[in-house]
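The values are calculated or read from the model by the stated rules, or taken from the named source; none is laboratory data. It should be emphasised that the depicted structure is a prediction, and the values quoted were computed from it without experimental measurement. Positions of Cβ are backbone-derived with ideal geometry, glycine not excepted, and every protein chain shown enters the neighbour counts. All accessible areas refer to the heavy atoms of the entire protein, side chains included, with ligands and DNA or RNA removed. Shrake-Rupley method; radii C 1.70, N 1.55, O 1.52, S 1.80 Å.
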Amino acid sequence: MKAIVTVIGKDRVGIIAKVSSVLAEHGVNIMDISQTILQDYFAMIMLVDLTAMTLSFSDLSQKLMEQGKTIGVQIKIQREEVFKAMHQI
């Protein structure tokens with residue numbers, strides 16, 4: 001199973017490291033990553049593999065949200081099939 005992780009917020013040092021560490025702690029593999037800085041704002045999209053995930057999807061979502069609050073960004077995760085369905089024309 002795959003998912004899309006989005007991170008948006010004011011740029012600061014360590015955003016990628018903090019998000020990646022939460023994913024790694026719970027057996028989530030980053031398959032692809034794209035990030036950019038728009039003036040002072042950070043935007044990132046990750047494609048992740050949940051096959052070896054060690055907790056439930058909702059618990060992972062909660063942990064990412066909590067980490068986002070800690071570092072001052074918004075982090076969301078969506079299952080790939082939901083993301084695809086939402087963005088199909």
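A few points about this structure:
- Taking the conditions (1) in contact with a Ser or Thr (Cβ under 9 Å, 6 or more places away or on another chain); (2) open to solvent by 90 Å² or more (accessible area, probe 1.4 Å); (3) not charged (D, E, K, R) in turn, ILE75 satisfies each one other than (2).
- Only a single item in (1) open to solvent by less than 40 Å² (accessible area, probe 1.4 Å); (2) over 16 Å from ARG79 (Cα atoms); (3) free of Cβ contacts under 8 Å to residues at least 40 places away in the same chain is not met by LEU60, and it is number (2).
- Residues of segment 29-57 classified as open to solvent by 70 Å² or more (accessible area, probe 1.4 Å) and aliphatic (A, V, I, L, M), total: 5
- When segment 1-57 is filtered for residues that are at positive phi and of a type in the set (Ser, Thr, Tyr), nothing remains.
- Within segment 1-28, the residues that satisfy the criterion of being of a type in the set (A, V, I, L, M, F, W, C), open to solvent by less than 40 Å² (accessible area, probe 1.4 Å) and not in a helix (DSSP H, G or I) are ALA3, ILE4, VAL5, VAL7, VAL28.
- Unique match (being among the acidic types (Asp, Glu), under 19 Å from GLY14 (Cβ atoms) and in contact (Cβ under 8 Å) with a residue 12 or more places away in the chain) among ASP49, ASP40: ASP40
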